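These notes are about the structure you will find just below.
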Amino acid sequence: MSQYKPTLNPTLDTGNVRVAIVAAEWNSHITGVLAEGAYATLLAHGVKKSCVDRFDVPGTVELTFAASQLIETERYDAIIIIGCVIKGDTPHFDYVCQSVTQGMTALNADCDTPVIFGVLTTLDEQQALDRAGGRLGNKGAEAAETALKMIEFRRRVDSLD
């Protein structure tokens, strides 16, 4: 059985796409690689450098607030949130993961700008490194592809009017 390999629809005009990447500073050795993967992927698909803005926030919990503020500017077609939460010995991991997931879900349900979940939630640092340019690819790059697909989806829905 062959695996489905999605591709971007070539009809999306990426020349007029604006994307914000918001990265958590916590675990920056991982989030920095994820953000760079997202940025490089957007450029590889034709998004202009001047149309991609990068913002940093202290931690993963702050990503929801940052995305909310960026949505209010009405400047972006999509917002990619990048974070990395590594499980420790306390329930803090669960609270952070739940907070950012619920926040992003609420924004996607209530707003017209897609917020893309580029947050790693791993059991250990090696799992995070494997997903930040390691043996499992770069999940930041995947988040950028998702952003472009959601922009295209939004534009198709808008054209139904």
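The values are calculated or read from the model by the stated rules, or taken from the named source; none is laboratory data. The structure displayed is predicted, hence computed values, not measured ones. Ideal geometry is used to build each Cβ from the backbone, glycine not excepted, and the neighbour counts take in all protein chains shown. To get the accessible areas, we keep the full protein, side chains included, count just its heavy atoms, and leave off ligands, DNA and RNA. Shrake-Rupley method; radii C 1.70, N 1.55, O 1.52, S 1.80 Å.
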Sticking to Cα atoms, compute the Rg of the stretch 34-128 to one decimal and its Dmax as the biggest Cα-Cα distance, whole number, in Å.
14.1, 43
Solvent-accessible surface ranking, highest first, for E36, E72, E62 at 1.4 angstrom:
E72, E36, E62
For a quick check, take a GNM of the chain with Cα springs below 10 Å and name the residue from D56, D112, D77 with the largest mean-square fluctuation.
D112
Any idea how far apart H45 and F153 come out in nm if each label point goes 7 Å out from Cα toward Cβ?
1.2
Not counting ligands, DNA or RNA, and with a 1.4 Å probe, what is Y39's accessible surface area in Å² rounded to the nearest 10?
70
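222 nm [θ] for the chain, helices only, -39500 (n - 2.57) per DSSP H run of 4+, per residue, to 500? Mind dumping the intermediate values first?
Working: 5 runs with 74 residues, N = 161.
Calculated at 222 nm, the ellipticity per residue is -15000 deg cm²/dmol.
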By accessible area of protein heavy atoms, probe 1.4 Å, what ranking do F65, F153 get, highest first?
F65, F153
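Student exercise: in the chain, how many lysine pairs 8 or more apart or on different chains have Cα atoms under 17 Å apart?
Numbers: K5/K139; K5/K149; K48/K149; K139/K149.
Lysine pairs, 8 or more places apart or on different chains, close enough: 4.
At 0.36 nm per residue, and after removing the present C-alpha to C-alpha distance, how many nm does the segment from C111 to D89 gain when stretched out fully?
Values: separation 22, 0.36 × 22 = 7.92 nm, distance 3.55 nm.
That pair, C111 and D89, stretches by 4.4 nm at full extension.
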Which helices count as membrane-span-like in the chain under these terms: full DSSP H, at least 20 Å along the axis by C-alpha, Kyte-Doolittle mean of 0.0 or more?
28-44
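If DNA, RNA and ligands are ignored and the probe is 1.4 Å, what is the ranking of T90, T14 by accessible area, most exposed first? List each step's numbers first, then the result.
Working: T90 85, T14 20 Å².
Largest to smallest exposure gives the sequence T90, T14.
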Select from P91, P114, P58 the residue whose mean-square fluctuation is largest in a Gaussian network model of the chain (Cα-Cα springs shorter than 10 Å).
P91
Using a 7 Å offset from the Cα along the Cα-to-Cβ direction at both L160 and R135, what is the distance between the two label points in nm, to one decimal?
4.3
Overall dimensions of the chain by Cα: Rg and Dmax, Å
15.5, 52
Charge dipole (the stretch 25-89, unit charges on Cβ, about Cα centre) - positive-most of A67, G83, H45
H45
